[in-house]
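K.L.:
I have a structure I would like to understand better, so I am pasting it below and will then ask my questions one at a time.
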Amino acid sequence: MILFNHIWGLFAHPKEEYDLIRKETLANKKYYLLHVFILAAIPSVSSYYGATTVGWSIGTLDKVIIDHQSALLMSVAGYMAILAGIVFMGLFIHWMAKTYGTKPSYTKCIVFAGYTATPIFFVGLLALYPNTALYLIGSIIGVAYTVYLLYVGLPRMMTIPEEQGFLFATSVVCVGLVLLVTMKVITALFWGMGFGPGFDVSI
């Protein structure tokens with residue numbers, strides 16, 4: 001129940017919810033980290049189902065279905081990449097926090113990174129029934145709200161003034177964009193090396 005309360009709070013009243021998460025993080029750090037592990041699995045599980053059962057299509061082209069083995073490997077790799085990205089962003093936030101005179105714990109920073117990415121995780125549900133246009137629109141909305149949560153939540157979680165929080169959040173956004181591009185490049189390189197998925201084109 002607490003899990004759903006926090007998720008609802010991030011969308012209904014994010015400022016108050018971040019204050020609550022900040023107060024509870026140290027006392028319930030195992031629970032909060034588990035929450036991050038669960039949310040991060042949403043895109044991977046949804047993508048596996050959508051890619052192997054429904055299939056992706058672009059325009060009038062035939063749907064492309066990925067075989068189960070390839071989809072499973074991609075889903076696991078994607079899940080690990082998401083967790084690695086959350087940990088990386090959490091560590092960056094922890095490192096950067098020193099510049100603003102605050103010393104949050106590693107756990108608090110990682111939990112904050114995970115909770116802030118909640119909209120992006122839920123956009124992953126669109127992969128259950130793949131539609132390129134819908135997924136693109138959903139991704140834009142998810143990223144936009146994630147950035148909003150970052151700017152709203154960072155000064156509250158780090159207990160710093162709003163002005164400093166704005167500069168801090170801007171730095172985090174820049175690093176996040178670099179991380180996203182890096183992950184895309186690595187994926188493209190692996191595909192180019194022959195580690196791409198196996199396809200089953202349905203007619």
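K.L.:
Determine, at each q value in 0.18 (inverse angstroms), the log₁₀ of I(q)/I(0) that the Debye formula gives when each Cα of the stretch 51-181 is one equal point scatterer.
P.N.:
For the requested q values the scattering log ratios are -0.98.
K.L.:
Which of the lysines could a cross-linker span from LYS103 if the Cα-Cα distance has to be under 26 Å and same-chain partners fewer than 8 positions apart are dropped?
P.N.:
The reachable lysines, counting only those whose Cα sits under 26 Å from LYS103, are LYS15, LYS23, LYS29, LYS30.
K.L.:
While we're on this one: How much length is gained if the chain between ILE186 and LYS103 is pulled fully straight, taking 0.36 nm per residue apart and subtracting their Cα-Cα distance, in nm to one decimal?
P.N.:
26.6 nm
K.L.:
For the stretch 63-179, calculate the relative contact order in percent as a whole number, restricting contacts to Cα pairs under 8 Å that are 6 or more residues apart.
P.N.:
The value is 25 percent.
K.L.:
Hey, can you find the accessible area per residue of the stretch 61-144 for me, probe 1.4 Å, expressed in square angstrom?
P.N.:
The answer is 52 Å² per residue.
K.L.:
Set the Förster distance to 35 Å, then compute FRET efficiency between LEU136 and VAL87 from the Cβ-Cβ distance, nearest 0.05.
P.N.:
0.80
K.L.:
At 1.4 Å probe size, what's the solvent-accessible area of HIS68? Round to the nearest 10 Å².
P.N.:
110 Å²
K.L.:
Using r as the Cβ-Cβ distance of TRP95 and VAL64, and R0 as 25 Å, what FRET efficiency do you calculate, to the nearest 0.05?
P.N.:
The pair TRP95/VAL64 has a calculated efficiency of 0.05.
The values are calculated or read from the model by the stated rules, or taken from the named source; none is laboratory data. Because the structure is a prediction, the values reported are computed rather than measured. Quick reminder, even Gly has a Cβ in these numbers, built from the backbone with ideal geometry, and neighbours come from all protein chains shown. Calculation scope for accessible area: heavy atoms of the full protein, side chains included, ligands and nucleic acids excluded. Shrake-Rupley method; radii C 1.70, N 1.55, O 1.52, S 1.80 Å.
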